[in-house]
Amino acid sequence: MTHKIHPKIYRIGETKDWESKGFYEKNFAKLLREDYEIRTLLREVLREMSVERIEIERSMDEVGVLIYSARPGLIIGRGGEGVKILKEKLEKKLKSVSGGEEKRVRLEIKEVKDPWLSAPLAAQDIARQLEKRLPYRKVVKQALHKIAMHKEVEGVRIQVGGRLNGIEIARNEYFQEGKLKRATIRGNIDYGFEMARCPFGAIGIKVYIYKGEVF
């Protein structure tokens, strides 16, 4: 039996870095739960706003939350109203999780200029189209072409699994273009996973984008 873990964990310290940073020595379990609740809340609230990743930076007196999105204007809102509401929700959530302790939240929104160079955003786009019941082969091949046309990309692989097109027996299929050195630790591979909630069941989407080696 194999034990599957997130592909990024192999590359921590080599080509990837942690998405949570700061002082975690004391009350590690409590702070870890706070990070989980922050990410869960933001994923729910910003589900349709193309969020690539959420980074958390902790200092002694505040919690910094960095949101990378391809549609930052929707999150910021008119006159920064969206950021203000989101910040209030985060502070309220942290207060309830930490047992009444108030914590100051610093919220930053950063733009992802090209969503097709980001594996998580590509997976989200495929999932949205599959939820509209579009043919999976057409959707995946279009996404594969859009990603592979970038000069930074040396290889791409998209894998889908589940009741594809609503058939009774679930199966896995993958589409690949170019090379993909998944076993090389110095390989700069961007990985994204998303789940499409279709009427006939869930379909998992995995996207691997290979951008060469980092020396």
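Quick notes
- Whole-Hz couplings from phi, Karplus 6.51/-1.76/1.60, listed for the range 198-215; x for Gly and Pro: 9, x, 9, x, 8, 10, x, 10, 10, 10, 10, 10, 9, 10, x, 9, 10, 10
- Sequence-distant residues sharing a close amide H with residue 58 (under 5 Å, placed H): 21, 22, 23, 64
- Close Lys pairs in the range 115-213 (alpha-carbon distance under 21 Å; sequence gap of 8 or more, or different chains): 21.
- Between residue 4 and residue 102, the FRET efficiency estimated from the beta carbon spacing at R0 = 30 angstrom works out to 0.15.
- The chain, helix-only ellipticity at 222 nm - DSSP H runs n ≥ 4, -39,500 (n - 2.57), divided by all residues, nearest 500: -10000 deg cm²/dmol
- The chain, relative contact order [Cα under 8 Å, separation at least 6], %: 18 percent
- For the range 49-137, the extents of the C-alpha atoms along the principal axes are 50, 27, 24 Å, listed from largest to smallest.
- The range 103-161-the range 1-52 distance, computed between alpha-carbon centres (Å): 19 Å
- Extending 7 Å from Cα along the Cβ direction at residue 25 and again at residue 37 yields two label points whose distance is 2.5 nm.
- Basic side chains Lys and Arg get +1 at the Cβ, acidic Asp and Glu get -1 at the Cβ, and with that the dipole of the chain about its Cα centre reaches some 600 debye.
- 110, 93, 132 arranged by Cβ crowding within 10 Å, fewest neighbours leading: 132, 110, 93
- The slack between residue 171 and residue 47, meaning 0.36 nm per residue of separation minus the straight C-alpha distance, is 42.0 nm.
- About the centre of its Cα atoms, the range 115-213 shows a dipole size close to 160 debye [charges on the beta carbon of Lys, Arg (+1) and Asp, Glu (-1) only; nearest 20 debye].
- Once backbone amide H atoms are built at 1.01 Å from N, residue 188 has 211, 212, 213, 214 as its partners under 5 Å, excluding neighbours fewer than 5 places away on the same chain.
- Cα shape, the range 7-111, gyration tensor, a/c 1.5 rule: oblate
- For the range 7-111, the relative contact order works out to 27 percent when only alpha carbon pairs closer than 8 Å and six or more residues apart are counted.
- The reciprocal of the average 1/r between distinct C-alpha atoms defines the Kirkwood hydrodynamic radius, which for the chain equals 19.0 Å.
- About its Cα centre, the range 7-111 has a charge dipole of approximately 200 debye under the convention of +1 per Lys or Arg Cβ and -1 per Asp or Glu Cβ, with nothing else charged.
- Percentage of interatomic Cα-Cα distances in the range 115-213 larger than 23 Å: 22 percent
- Taking 61, 114, 190, 35 and counting other C-beta atoms within 10 Å, the order from fewest to most: 61, 114, 35, 190
- Cα-based helix-to-principal-axis angle, 119-131 vs the chain, degrees rounded to 10: 70 degrees
- Alpha-carbon spread of the range 134-174, three principal axes, descending order, Å: 39, 17, 7
- Charge-dipole axis of the chain as Lys and Arg at +1 and Asp and Glu at -1 on Cβ define it, positive-most pick from 82, 72, 210: 210
- Burial ordering of 139, 214, fewest other beta-carbon atoms within 10 Å first: 214, 139
Quick note: the coordinates plus some simple rules give every number you see, no bench work behind them. The model shown is predicted, which means the values in this text are computed figures rather than measured ones. No Cβ is skipped: glycine too gets one built from the backbone with ideal geometry, and neighbour counts run over all protein chains shown.
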